[in-house]
Amino acid sequence: MSEGTRKLIGLADPGGMSLGFLVPLFIGGSSNAPLVQRISSSGTIEAFEAYEVPDAPTLEAPPREALLGGSAVHAFAFGKGDVVIVEGGTGRDELLARIDEPVLHARPMLAMEVAELLGMHDLKCDLASRAHALMRKASDETANTWRDLSVLTPELRRALERSDQRASTRLVATVVARIRRDVVEILGVGDELSRSQLSGLRTAAFEAMSRLATLYPPPTDGWRVHVRKPAERKPHHQAEAAVLLASTRARGLARAAPWPAVPDLDIHTEDGNAFTRVVEETETPLFVVYDADKPEVMRKAMGDWTVREMHGIALASARASVDRNASPGPWSSTHVPTAGIGGGARSEVAGIRLAVAVELDRAEQQPPFSARNGVLMRSRGTGPDPEADAWATLYDRAWAMGLAPWRAMLIPNHGARAKRRAAYSADYSSSYASEREPEWAAHALFHEPVFLEGAMTARVMAELQTTGALLIDREQRTEDDLGRHRASITRLLERQRWGIEDDDFRRPDARLIAKGGRAEFQLMVRPNGILQPEWKQSALFEIDLTTVDRLLVSGPAPPGEVLSHLAGSGELVVGMRDLTTIDAASATPLTIVAAQLRRQVTGLPSSARTHLVALVAIQALKVGTVDDGGRDLLHLVEGSALGRDVHLAVTSTRMVDGALIARIKVMDGIKARGTRWRNIGGFVMSVSPDAVSIASADLTGDE
């Protein structure tokens with residue numbers, strides 16, 4: 001093999017679905033690590049670089065060599081064992097002949113990538129028109145935004161690259177285009193433009209619109225081009241954004257909670273003269289806070305000020321945030337679910353501040369996340385790996401809401417990352433766990449996550465002590481997304497060294513088998529949660545957790561769902577949050593349930609949480625030990641008042657030598673009589689991979 005030659009050794013499958021373009025991996029030269037090719041604009045290999053995504057599954061590749069400076073190697077998978085290799089002129093005819101196959105016909109955006117590779121501009125435009133038409137069935141605004149960012153902007157950048165003006169080509173990396181009626185608006189050009197750059201941008205814009213005429217029918221009087229520079233604030237107005245609290249509920253926030261200084265917000269409680277001056281005399285970004293179930297409030301604000309764009313912030317419950325009966329308005333919006341961390345006015349103010357900070361940073365950085373209507377959720381991770389816990393919690397919430405978690409932008413707490421990284425290894429006893437990076441779960445769950453790196457957002461996140469947040473596209477997921485969900489489950493478990501067998505990733509009902517050092521589980525994937533959870537207290541005594549070998553992956557897996565499904569089918573309902581805690585070497589059914597106990601830490605009474613604690617306690621009779629005082633807990637479990645007048649609450653947990661040590665508080669009180677719940681005793685429960693032990697403890701002083 002010559003010095004510039006590299007041998008093809010495999011094809012990495014980033015999506016894990018054997019569908020779409022694969023990443024050819026090579027070996028050779030002075031490196032023993034896999035290499036990928038860096039492709040020049042002319043389609044040749046200009047360098048070989050180290051492969052930086054080693055966790056993606058790798059498929060077999062046919063014998064082939066590639067030469068530095070020669071034609072790049074491309075690989076496209078139509079399914080398992082069905083891969084077309086394109087190198088120079090080889091394979092192009094075969095790929096073109098298959099572009100109308102059902103798997104591509106149903107996925108016009110994927111077919112567009114094939115047309116791009118083949119250099120077939122007209123075909124790509126036709127496919128883009130088909131994709132745009134399909135997206136418009138859900139939302140005109142989302143479809144148009146996708147068209148502007150995914151088709152028009154790349155075409156504008158290519159037109160700039162073809163320009164002979166070096167000053168114009170320098171803008172290729174940052175320029176963005178969007179259509180506003182008959183105007184081609186160009187953004188991302190910086191503060192100052194030379195006359196030649198301005199001329200080059202206009203020429204490139206007209207060229208791009210001409211090439212995309214089938215996708216963008218030209219207006220009667222032709223296109224106008226407007227180059228928009230970054231907003232310049234008036235010296236007398238220093239606020240970073242102006243916020244109009246446009247509903248009665250929103251206006252109450254101005255009095256109910258303090259508004260911290262970051263971001264610097266100019267708060268208005270009425271659409272009066274003061275707000276008019278902001279709109280007319282400044283270019284300060286505008287936000288309108290309204291109730292999600294009253295979009296007419298936002299519509300009125302938009303109608304009053306058509307000269308300026310306004311971003312809506314809709315306050316809603318998690319269910320209302322994705323209410324498909326409500327048609328999206330002609331504005332960009334961020335839905336902020338009001339339930340969650342802390343609750344109340346303080347939490348709502350925090351959500352509004354974070355939403356504003358995210359939008360300000362998005363406008364400045366223009367990350368590759370195009371959704372104009374999103375849901376903003378945040379989480380405070382717990383346990384020895386809070387970042388993994390937070391990302392998994394957000395994934396579970398998004399899935400339960402009917403959304404596709406990977407169509408999202410991840411917002412980490414940058415200020416706490418270094419501290420977590422330094423302490424990460426010390427929190428784990430196994431050498432394998434200590435090797436993992438703090439963001440390992442984000443890459444496993446969301447595959448190729450888009451992170452927001454904004455300074456404004458980082459300051460708000462640090463102040464809120466939030467581990468992670470997610471801005472997710474409000475559009476509901478499709479049937480194809482179930483396959484991606486299965487791929488996320490597989491990646492997550494493989495990261496923890498589980499051996500995975502997948503009967504058929506294309507069938508939603510096909511089983512996944514996870515094989516570990518001490519247990520083997522059959523996993524089923526459920527697209528929706530379980531309705532009307534019911535269970536009988538007596539049924540808890542019949543359940544032997546050590547024999548559970550079937551897991552049902554279904555969103556957050558609240559205790560009511562866990563209990564009802566165990567009693568009815570013997571399957572243990574789990575969420576991604578549970579799966580992040582189980583390493584293959586030591587996991588058993590008891591360790592999974594122990595992980596679920598860890599997220600029940602609260603001082604509030606709940607029948608479902610009480611019975612979940614009782615279920616684990618009962619296991620001590622089957623596999624474990626109970627001291628004399630601990631038997632009092634089992635007597636409580638057998639009583640008819642459990643879950644009604646007597647409750648069990650997990651007050652704290654910790655891990656010791658692979659076992660969960662949970663402090664269990666017993667409370668009583670007749671809620672109907674207005675009696676305050678009293679702490680009347682407590683126990684310590686140890687849950688190891690093989691046994692459950694219960695001992696009495698004095699927790700009467702705990703609050």
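Name the residue that is surrounded by the most Cβ atoms within 10 Å (Cβ to Cβ), counting only residues in the range 283-308 that are under 21 Å from E364 (Cα atoms) and at pLDDT 85 or above.
V288
I want to confirm something. Restricting to the range 372-384 and keeping residues that are at pLDDT 85 or above and part of a loop (DSSP other than H, G, I, E, B), which single residue is farthest from L579 (Cα to Cα)?
For the range 372-384, the residue satisfying everything is R372.
For the range 456-472, how many residues are in contact with a helix residue (DSSP H, G or I) (Cβ under 7 Å, 6 or more places away or on another chain) and surrounded by fewer than 18 Cβ atoms within 10 Å (Cβ to Cβ)?
1
Please specify each residue of the range 550-571 satisfying the condition of being out of contact with any Lys or Arg (no Cβ under 7 Å at 6 or more places or on another chain) and closer than 18 Å to R511 by Cβ.
Hits for the range 550-571 are R550, L551, H565, S569.
Kindly indicate the residue of the range 397-424 that is assigned to a loop (DSSP other than H, G, I, E, B) and modelled with pLDDT under 90 and also surrounded by the most Cβ atoms within 10 Å (Cβ to Cβ) among those meeting that condition.
The residue in question is N413.
Against the condition at pLDDT 80 or above, over 10 Å from the mean Cα position of the chain (by Cα), closer than 18 Å to G555 by Cα and open to solvent by less than 10 Å² (accessible area, probe 1.4 Å), how does A444 come out, does it pass?
Yes, satisfied.
Has the range 90-106 got any residue that is without any contact (Cβ under 8 Å) to a residue 40 or more places away in the chain, within 21 Å of S370 (Cα to Cα) and open to solvent by 70 Å² or more (accessible area, probe 1.4 Å)?
No, that holds for no residue.
Can you say whether V176 is over 31 Å from the mean Cα position of the chain (by Cα) and under 22 Å from E309 (Cα atoms), as far as the supplied structure shows?
Taking the combined requirement at face value, the residue does not satisfy it.
Provide a single number: the residues in the range 166-186 that are touching a strand residue (DSSP E or B) at 6+ places or on another chain (Cβ under 8 Å) and assigned to a loop (DSSP other than H, G, I, E, B).
Selection size over the range 166-186: 2.
Inside the range 76-105, can you point out the residues that are part of a strand (DSSP E or B) and in contact with a strand residue (DSSP E or B) (Cβ under 9 Å, 6 or more places away or on another chain)?
Of everything in the range 76-105, those that are part of a strand (DSSP E or B) and in contact with a strand residue (DSSP E or B) (Cβ under 9 Å, 6 or more places away or on another chain) turn out to be F76, A77, F78, V83, V84, I85, V86, E87, T90.
Output the qualifying pairs, or none if there are none: Cβ atoms under 8 angstrom, residues six or more apart or on different chains, first residue in the range 614-643 and open to solvent by 50 Å² or more (accessible area, probe 1.4 Å), second residue modelled with pLDDT under 80 and not aliphatic (A, V, I, L, M).
Short answer, once both residue conditions are applied: D632/G681.
Would you tally the residues in the range 119-165 being open to solvent by 30 Å² or more (accessible area, probe 1.4 Å), hydroxyl-bearing (S, T, Y) and assigned to a helix (DSSP H, G or I)?
Qualifying residue count for the region: 2.
Only residues in the range 252-271 that are in contact (Cβ under 8 Å) with a residue 40 or more places away in the chain count as the first member; pair them with residues that are in a loop (DSSP other than H, G, I, E, B), Cβ under 6 angstrom, at least 6 apart or cross-chain, and list the lot.
So the pair list comes out as P263/E240.
Tell me the residue from D502, D481 that is surrounded by 15 or more Cβ atoms within 10 Å (Cβ to Cβ), modelled with pLDDT under 90 and closer than 30 Å to E359 by Cα, please.
D481
Scan the range 272-288 residue by residue and report those that are without any contact (Cβ under 8 Å) to a residue 60 or more places away in the chain and not β-branched (V, I, T).
Result: G272, N273, A274, F275, R277, E280, E281, E283, L286.
Pairs only if they're at least six apart or on different chains, beta carbon under 7 angstrom, first in the range 566-584 and farther than 10 Å from L493 by Cβ, second among the basic types (K, R) and crowded, with 20+ Cβ neighbours inside 10 Å; list them, first residue then second.
R577/R599
The values are calculated or read from the model by the stated rules, or taken from the named source; none is laboratory data. The model shown is predicted, which means the values in this text are computed figures rather than measured ones. For neighbour counting, all protein chains shown are included, and Cβ atoms are generated from backbone atoms with ideal geometry for every residue, glycine included. The accessibility values were calculated without ligands, DNA or RNA, using every heavy atom of the protein model including side chains. Shrake-Rupley method; radii C 1.70, N 1.55, O 1.52, S 1.80 Å.
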